[in-house]
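> Just dropping this structure here.
The values are calculated or read from the model by the stated rules, or taken from the named source; none is laboratory data. All figures in this text were calculated on a predicted structure; none of them were measured in a lab. All Cβ positions, glycine included, derive from the backbone under ideal geometry; neighbour counts span all protein chains shown. Note: areas computed on protein heavy atoms with side chains; ligands, DNA, RNA excluded. Shrake-Rupley method; radii C 1.70, N 1.55, O 1.52, S 1.80 Å.
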Amino acid sequence: MKGNIFHIDWWLLTPALLLVAISLTTLFSINSAYFTRQFISLGIALLAFFFFSRSNISFFQQMSIPIYGV
């Protein structure tokens with residue numbers, strides 16, 4: 001996987017982003033205020049997605065018990 005910085009399954013991400021784009025287009029035609037809030041939420045979600053795609057999973061495996069409080 002040389003050149004693939006994020007190790008992302010693009011075949012899974014592309015249709016999801018296409019559905020989001022269609023949904024945002026529909027939402028914009030209904031109410032632009034809702035569109036703005038959803039677009040901001042999309043930006044936050046994409047930032048979280050790329051952050052966690054670059055994170056080391058072993059950290060989360062070690063912290064799973066303290067996170068869940070078991």
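> Tell me what the chain gives for mean residue ellipticity at 222 nm when only DSSP H runs of n ≥ 4 count, each as -39,500 (n - 2.57), the sum divided by the residue total, rounded to 500 deg cm²/dmol. Could the numbers behind the result be given before it?
Values: 4 runs with 55 residues, N = 70.
The helix contribution divided over the chain gives -25000 deg cm²/dmol.
> Over the chain, what percent of the accessible surface lies on carbon and sulfur atoms, probe 1.4 Å? Walk me through the numbers before you get to the answer.
Working: 4430 of 6160 Å².
With neighbouring chains kept in place, the figure for the chain is 72 percent.
> Given R₀ = 30 Å, what would the calculated FRET efficiency be for R54 paired with V20, taking r from the Cβ atoms and rounding to 0.05?
On the way: r = 21 Å, r/R0 = 0.70.
My answer for the efficiency is 0.90.
> Measure nothing fancy, just the Cα-based angle from helix 10-30's long axis to the longest principal axis of the chain, in degrees from 0 to 90, nearest 10.
That works out to roughly 40 degrees.
> Go from 0 up to the bin containing the longest alpha carbon distance in the chain, width 10 Å each, and give me the % of pairs per bin.
16, 33, 28, 19, 4
> Helix 32-54 versus the longest principal axis of the chain: what is the Cα-based angle in degrees, 0 to 90, to the nearest 10?
For helix 32-54, the angle is close to 20 degrees.
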